[in-house]
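The block underneath contains the structure these notes are about, expressed in structure tokens.
The values are calculated or read from the model by the stated rules, or taken from the named source; none is laboratory data. For clarity, every value in this text was computed on a predicted model and none was experimentally measured. Don't worry about glycine lacking a Cβ; one is built from the backbone with ideal geometry, like all the others, and counts go over all protein chains shown. Please note that ligands, DNA and RNA were not included when accessible areas were found on the heavy atoms of the full protein model with its side chains. Shrake-Rupley method; radii C 1.70, N 1.55, O 1.52, S 1.80 Å.
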Amino acid sequence: MAHIIVVGNEKGGAGKSTVSMHVATALARLGHRVGALDLDLRQRSFGRYMENRRAYLDREGIDLPMPDYRELPDIAPDQLEPGENIHDRRIAEAIAGMEQQKDFILIDCPGSHTRLSQVAHTLADTLITPLNDSFIDFDLLARHDGATGKILGPSVYSEMVWSARQMRAQAGLKPIDWVVLRNRLGAQQMHNKRKMGEALENLSRRIGFRVAPGFSERVIFRELFPNGLTLLDLRDIGVTGMNISNVAARQELRDLMVALKLPGVEVAF
Ligand SMILES: Nc1ncnc2c1ncn2[C@@H]1O[C@H](COP(=O)(O)OP(=O)(O)O)[C@@H](O)[C@H]1O
Ligand SMILES: [Mg+2]
């Protein structure tokens, strides 16, 4: 059975689609069979990223490992059982169509609370939550007293993960391994960075997640999308003399892949 990786955070612009593309492609490059779904049916950034990759490979006549990206199936209303939710059925069918053939299924979620995203969280063996290094983003995980640094209580998103965990426990499924990943870390802002680090460490023990080494703010992440490329593809498309920033970014991706501790994955790049 496939190991399901969900990338979620109810905030837009946190880096979910970028992380989804990099993790899915890294796994495909390591020789695993990877299925991919985009639940952001409106923006479809992850789906668009995959389409750009396909178009680039066709145009250039090169072959690079590619996750098997699938659209959610359409379900006609008359195919539903009485009382059955259409979103639940769409995601269930998408997964049923892949779980026997794939080692991993990567699911990118929208930056808002939707039924699809909620269901996906209950299916997660691993949940990755990218988080911008800002207390505005932290506020979706927990309410935090700015003066004392004290955690006052969980916020909407961590409440949702908590209920997904409850549902999994009731169904006898293994617990979600929740990994929070700091994204777009700046070279400056040492004070904010340290404060965020402390707040996350503090919160991780309270609500049960691990903090993975994160990604720095780097222009390269924005340049890769139009051709559907990832940091790991640069050498194969003939980029020689990788600059220091690209090498460092690749190392950050490597560190993330190691930190995820995915079953059967030996990170060799
Ligand atoms: N580490 C990073 N450095 C620079 N830009 C980044 C980084 N991570 C993401 N971005 C950019 O931030 C924007 C939002 O990222 P995206 O992955 O679409 O977030 P989400 O899916 O959570 O809405 C995109 O323009 C993306 O290229
Ligand atoms: Mg997105």
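So what's the gap between the Cα centers of segment 1-26 and segment 139-187, to the nearest angstrom? Here the two parts' Cα centres lie 16 Å apart. Equivalent-ellipsoid semi-axes for segment 110-269 (Cα gyration tensor, √(5λ), whole Å, largest first): 29, 22, 14. Just check segment 3-260 against the gyration tensor rule for me: Cα atoms, a ≥ b ≥ c as the square roots of the eigenvalues, rounded for a/c under 1.5, and otherwise prolate or oblate depending on whether a/b exceeds b/c. Oblate, because a/c is 1.5 or more while a/b does not exceed b/c. By the helix-only formula, in which each DSSP H run with n ≥ 4 contributes -39500 (n - 2.57) and the sum is divided by residues, the chain has a 222 nm mean residue ellipticity of -12500 deg cm²/dmol. Taking Val239, Val19, Val219 and ordering them by how much accessible surface each has at a 1.4 Å probe, largest first, produces Val219, Val239, Val19. Among 123-129, 159-165, the peptide with the highest mean count of other Cβ atoms within 10 Å heads the list, and the full ranking is 123-129, 159-165.
Inter-part distance, segment 228-265 to segment 90-122, computed on C-alpha centroids, equals 25 Å.
If only the Cβ of Lys and Arg carry +1 and only the Cβ of Asp and Glu carry -1, the dipole of segment 3-260 around its Cα centre is close to 820 debye. Each peptide in 46-56, 98-108, 251-261, 70-80 gets a packing score, the mean of other Cβ atoms within 10 Å over its residues, and the list from highest to lowest is 98-108, 46-56, 251-261, 70-80.
Farthest toward the positive end of the dipole of the chain, out of Val239, Gln188, Phe269, is the Cα of Gln188, where the dipole comes from beta carbon charges about the Cα centre. The distance between label points at Gln188 and Arg42 comes to 3.4 nm (points 7 Å beyond Cα on the Cα→Cβ vector). What is the total of Lys pairs in the chain with C-alpha atoms under 30 Å apart, excluding same-chain pairs fewer than 8 positions apart? Counting lysine pairs in the chain gives 19.
Scaled to the globular estimate 2.2 N^0.38 Å, the Cα spread of segment 79-190, given as radius of gyration, is 1.28. For Arg59 and Leu152, FRET efficiency with R0 = 41 Å and r from the beta-carbon atoms, rounded to 0.05? Using R0 = 41 Å, I get an efficiency of 0.20. Surface composition of the chain: carbon and sulfur make up 51 percent of the accessible area, probe 1.4 Å.
The peptide list 131-139, 226-234, put in order of mean Cβ contacts within 10 Å with the highest first, becomes 226-234, 131-139. Simple spin-label estimate for Ala248 and Ile75 gives 4.7 nm between the two label positions (7 Å along the Cα-to-Cβ direction from each Cα). Among Phe269, Phe215, the order of accessible area from largest down is Phe269, Phe215, computed with a 1.4 Å probe on protein heavy atoms.
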